[in-house]
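What follows is calculated from the coordinates using simple rules that are stated; it is not laboratory data. As the structure is a computational prediction, the values presented were derived from the model and not from experiment. All Cβ positions, glycine included, derive from the backbone under ideal geometry; neighbour counts span all protein chains shown.
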Amino acid sequence: MAGSSGFLGTRLATRLREGGHDVVRLVRRAPRAAGEVGWNPKSGSLDPAALASVDAVVNLAGAGVGDRRWTDRYKEQIRASRVDTTTTLARTIAATQHRPDLLNASAVGFYGDTGDRPVDEESPAGEGFLADVCRVWEAATRPAEDAGARVVRLRTGLPLDAEGGLLKPMLLPFRLGVGGRLGSGRQYIPWISLEDWLRGMEFLLADRRITGAVNVVGPHPDTNAEFTRVLAGLLHRPGVLQVPALGLKVLLGEFSHETLVSQRVLPKVLTEAGFTYRHPALESALRAALGLPAA
């Protein structure tokens, strides 16, 4: 697993170990423990022998998209951190004899701004910086695919958990009663409960019939206004304020555009493959994320 120290990677590694799997972590420093293998994606360095006994490679590596303002330098880091890791893994897999599966992160940013239009895995790429990043990111898996390995491109939405991702930075202002919708609030949010994201990853690792792009999102995307209403209600706060688009631009710079993008993304592949959601509705997912009892 690459990216095993991140928000999702840490939780997935724990989940897989609890399920009886052996997890080998790819680390960019010198290995310090059993179950760690060193690599250098910037130079494309990974010994194919490191993959000789693994069944699947999971790549979740990449610089955080919302971690800092988008300077030209940081935008290049966002792109390179994804393309370099994916290229290194895909080429290394192609160089092995048994060619393990590659489950490689991508994102719903692939679709750009979809407005009210629902999209699934058969929909074309959109426009914008993140859509361009996703295109080259996914293309970097091609050496493994061309060599005959099973490749799954994980177009992940926004997993909900109080300790990270979309929800964590929202909780303090909402708990203080100053949370509210972003811009018009009409933009769709492709959320998924953390539990269902983890279960979805287990499902995709196990079902080797599934290849290509997979939207790892919940079955019912909701608008930002609805998300705001449900979250505020669960926290017993008003949630009636609005953060104007201009204010977001001043605060976040170019990244503010992405917070106002509407992505009505549907999980056609997962649904047709028989995956069942534990939290198909937003309130259920938010209750789980906040540690609240089911309704």
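Sorted from fewest to most neighbouring beta carbons within 10 Å, what does the list Ile78, Ile189 look like?
Listing Ile78, Ile189 from fewest to most nearby Cβ atoms yields Ile78, Ile189.
I want to check a number: in the chain, how many lysine pairs have alpha carbons closer than 26 Å, given a sequence separation of 8 or more or different chains?
Pairs that pass both the separation and distance tests number 4.
Based on the mean of other Cβ atoms within 10 Å per residue, sort peptides 126-134, 260-268 so the most packed one is first.
Listed from highest to lowest mean packing, they are 260-268, 126-134.
So what's the back-of-envelope 222 nm ellipticity for the chain, counting only DSSP H runs of four-plus at -39500 (n - 2.57) apiece and dividing by all residues, rounded to 500?
-11000 deg cm²/dmol
Listing Thr156, Thr85 from the residue with the fewest other Cβ atoms within 10 Å to the one with the most, what is the order?
Placing the least packed residue first, the sequence is Thr156, Thr85.
Could you tell me how far the Cα centroid of segment 48-108 sits from the Cα centroid of segment 144-213, in Å?
Taking the Cα centre of each part, segment 144-213 and segment 48-108 sit 17 Å apart.
Only sites in a loop by DSSP and with at most 16 other Cβ atoms within 10 Å count here; which trypsin sites (Lys or Arg not before Pro) in segment 129-224 make the cut?
Answer by residue number: Arg186, Arg208, Arg209.
Between Leu171 and Ala33, what is 0.36 nm times their sequence separation minus the Cα-Cα distance? Round to one decimal in nm.
Extra length from Leu171 to Ala33 when fully extended: 46.1 nm.
With +1 on each Lys and Arg Cβ and -1 on each Asp and Glu Cβ, and nothing else charged, work out how big the dipole of the chain is about its Cα centre, in Debye to the nearest 20.
640
Which order do the peptides 20-32, 94-106 take when ranked by the mean count of other beta-carbon atoms within 10 Å per residue, highest first?
Most protected by this proxy first, the peptides run 94-106, 20-32.
For an R0 of 22 angstrom, estimate the FRET efficiency from the Cβ-Cβ distance between Glu122 and Arg278 and round to the nearest 0.05.
Plugging the Cβ-Cβ distance into 1/(1 + (r/R0)^6) gives 0.25.
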